[in-house]
1. Which values of log₁₀ I(q)/I(0), to two decimal places, follow from the Debye formula for the range B:83-162 at q = 0.11, 0.23, 0.26 Å⁻¹ with a uniform point scatterer at every Cα?
2. Can you work out D for the range A:12-136 in µm² s⁻¹ from Stokes-Einstein, where Rh is the Kirkwood radius over C-alpha pairs, the temperature is 10 °C and the viscosity is 1.306 mPa s?
3. Past 27 Å, Cα to Cα: identify those pairs from A:Lys55/A:Lys217; A:Lys127/A:Lys153; A:Lys170/A:Lys219; A:Lys93/B:Lys113; A:Lys11/A:Lys78, in the order given.
4. Determine one quarter of the surface area of the Cα convex hull of the range B:34-119, which equals its mean projected area, and express it in nm² to one decimal.
5. Using the Karplus curve 6.51 cos²θ - 1.76 cosθ + 1.60 with θ = phi - 60°, what ³J(HN,Hα) values do you get for each residue of the range B:208-225, in whole Hz, with x for Gly and Pro?
6. Karplus couplings for the range A:66-77 from phi (6.51 cos²θ - 1.76 cosθ + 1.60, θ = phi - 60°), rounded to Hz, Gly and Pro as x?
7. Per the Kirkwood formula on distinct C-alpha pairs, the Rh of chain B is how many angstrom?
8. Below 8 Å, C-alpha to C-alpha, sequence gap of six or more: please give me the relative contact order for chain B in percent.
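Each reported figure results from applying straightforward, stated rules to the coordinates on display, with no laboratory input. Bear in mind the structure is a predicted one, so any value in this text is a computation, not a measurement. Cβ sites come from the backbone with ideal geometry, for glycine too, and all protein chains shown count toward neighbours.
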Amino acid sequence: MIAIGIKNLNKSYENGLKALKNINLSVRSGEIFALLGPNGAGKSTLINIICGISKKTSGKVTIFGKDNILDYKFTRSKIGLVPQEIATDSFEKVINTLKFSRGLFNKVPSDEYLSFILKSLNLVTKKNNQIRTLSGGMKRRVMIAKALSHEPKILFLDEPTAGVDVNLRKTLWNFLNKLKKNGVTIFLTTHYIEEAENIADRIGIINNGEIVITENKKKLIDKLGEKKIIITINSSHNKISYITKKYQLKKNKNKLSYIYNSKKNVDLSASLLSDLVKSSVKIDDIEIEKSNLEEIFLNMVEK
Amino acid sequence: MNLRGIFAIYHFEMSRMFRTVSQSIASPVLSTALYFIVFGSAIGSKIGNIDGVNYTSFLVPGLIMLTILNQSVSNASFGIYFPKFSGTIYEILSAPISPIEITCGYVLAAASKSVLVGLIILITSAFFIEITILHPFWMLLFLILMSITFSLFGFIIGIWANDFQKIQLIPSFILTPLTFLGGSFYSIGMLPDFWQKLSYVNPIVYLISSFRWSFYGKSDVNVVVSISATLFFLVLCMVFVSWIFKTGYKIKT
């Protein structure tokens, strides 16, 4: 089932800036979708339009098949939003701000559910503290707790781990995986490639208001990633000069590197090894390196 | 109808008032008590009666109205402006709550605070002077109606304002002068003919006049005209608020 459907979405500002250009995107129910993109690419604008905070110029957004403007009460009731900036009522107590959020979404009060959320985010001991007394990381967790207080089916997280330490980041990743297991669809934007690589099922890359690619994470890495085979030999380079020429190998001391890109060429690694063996070259070691998401991302946005 | 959403906003705003009692309640009550001491006891003893009413007693409806208008506007404008300023407005805008429901939450909270302050001032004034209320039902109705109308007006100011200075602009430069010149401290009939006619252009005259009528049965203008003027202003504010939410003016980018 499609949780989020976006068709031909455009957003232009009065000053002529085109923030989003003909965005088409579908996010399936229960998946974690990560949207990567540099600053100003349009990530937050896209989330704000889906959630009803910003107006679109044209196009259509649906949540579980319903239009986010015509059926806004239905669509918004399914959505929880954690914005990029920490915005809370500083003088409010943690528990009261959660009660406020739950009420705002027309949910029956439930101390039991709110206690569960507080426990899940390690906020139980802080529930009667004013938000202003909390650390930055805790405030971030309060923002997530607020977004979850009304039991949403889709959770939007706009750079949820920006400025958060490594431990808390990993705690959040585990928590998001738990939510996914409970059937919550997660749409997150991030600067941290590691974050997308660790928790996302599918990845989208946005640049200058355009979706450059959306793909399953593993497929994306396989499809666009480069594979580097580093062969350590125990023979003279001269002996195999014709092989280095044939396979365009890079030489570094006794190491030969063969770079294969599935988009550009055919994988000749098996043939290379065969040729080396035929030439009686003694192979000491073979290493295979796959390019990570960060390299793919930089490669795409720098084009 | 998202009644829980309306209540959530209402409850949040009322909690804010109780967190800041000195600012929300004590301050307007103290200012009004000072008006009674200065204008009522000190200067009022030299003035005598107006329209057959002792001057200090005559002041009560005007002072309550002065406070009500200021409190309604400032409470409602601050109530909606602060979430815009702090960024917490995102939660309201992304919640399944309609523009009418949002407005109800903020305006009812601001109006409740004003009515509460108005009633506290009324009770406080009873310690200084003898209070007569000939039409208590109408008095309460005017109090509520004007609190709601000016809270709605304040709500519009709060949406329009993009800095703290603008929140104070209309209350300081338009509302307060009009209230002072609208008969809070005197009867319009005491003015020279030209100023009397000019005063009838001031909408606040109608509000104060009808409110004073509910106390003493005497009014500078026809009570029906006063109520009609208040209702007209209320409808005008409602139309403007619905336009704001329809277009996203100053709320959505």
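1. At q = 0.11, 0.23, 0.26 Å⁻¹ the computed log10 ratios are -0.42, -1.11, -1.26.
2. After rounding, the answer is 92 µm²/s.
3. Violating the 27 Å Cα-Cα cut-off are A:Lys55/A:Lys217.
4. On the way: hull surface 29.4 nm².
If I average the Cα hull's projected area over directions, I get 7.4 nm².
5. 5, 4, 5, 5, 5, 4, 5, 8, 10, x, 10, 9, 6, 10, 4, 4, 5, 5
6. Values, residue by residue: 9, 5, 6, 10, 5, 10, 5, 5, 5, 5, 5, 5 Hz.
7. On the way: mean 1/r = 0.0532 Å⁻¹.
That comes to 18.8 Å for chain B.
8. Numbers: 309 pairs, mean separation 65.1, N = 253.
With pairs under 8 Å counted, the relative contact order is 26 percent.
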